[in-house]
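Scroll down for the structure; my scribbles are underneath it.
Taken together, the values in this text are just the output of simple stated rules run on the coordinates, not laboratory data. Bear in mind that the values here come from a model prediction, so they are computed numbers and not experimental data. When we count neighbours, we look across all protein chains shown, and the Cβ atoms used for this are built from the backbone with ideal geometry, even at glycine.
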Amino acid sequence: MLTVVSQKMRTMGKLLLAIKASTTLANFLEVLKPENYNYIIAATKVIAGFDTQNLSFKSPSLALQLGTDLKFMCQVAKKAITIKDPLMGRIENRGEKRNDISQLHEMIASHWSNDIGSLANKVLNEKKIDNPKLLPTAEDVALFNNYTSSMASEAYENILN
């Protein structure tokens, strides 16, 4: 569990750094606004290794996972603002901030699949096609079945003796 949390924090940190590189936004509370959606998309493409020539991702699963992580972050931020969590600091216009986060969450839920997901899924499917799974032949299955049966019989005989 700790590994998963620290990995998500690293990933979200990379996203924030990529956003900071092209904007003046300083933290995620500033980022979580619907008008910053395009910055989030651009930063996702940067850290997932989007290749504009081939229209593919170096890490398509990361691009997909970021959408899920961002939706979760929106939910956590809304809760923290609602319960006036002291870690959020002093926030002016809590209702407006909650509304901004809700709108961004809705945008991610409805548009992420078109903006990021379709390309990422295409790349993942191409990788699956390029690496076909080899199934055993009927002879291999029969050979394996005979081998395991003989091993089981031998083990049973050893137990009896």
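For the reader, a short list of remarks on this structure follows.
- Extension reserve of the residue 127-residue 46 stretch, reckoned as 0.36 nm per residue once the Cα distance is removed: 27.1 nm
- Relative contact order [Cα under 8 Å, 6+ residues apart], the chain, whole percent: 23 percent
- Peptides ranked, highest mean first, by Cβ atoms within 10 Å: ranges 40-51, 71-82: 40-51, 71-82
- FRET efficiency estimate (nearest 0.05) - Cβ-Cβ, residue 30 to residue 90, R0 25 angstrom: 0.95
- Label-to-label distance, nm, for residues given as residue 151 and residue 11 (7 Å Cα→Cβ offset): 3.7 nm
- Structure-derived percent of Cα pairs over 24 Å apart - corresponding label in (i) 40; (ii) 51; (iii) 36: (ii)
- Using the average count of surrounding beta-carbon atoms within 10 Å as a protection proxy, the listed peptides 62-69, 20-27 rank, highest first, as 62-69, 20-27.
- Cross-link pairs exceeding 20 Å between alpha carbons, from the set 14/122; 71/97; 45/78; 33/79: 14/122; 45/78.
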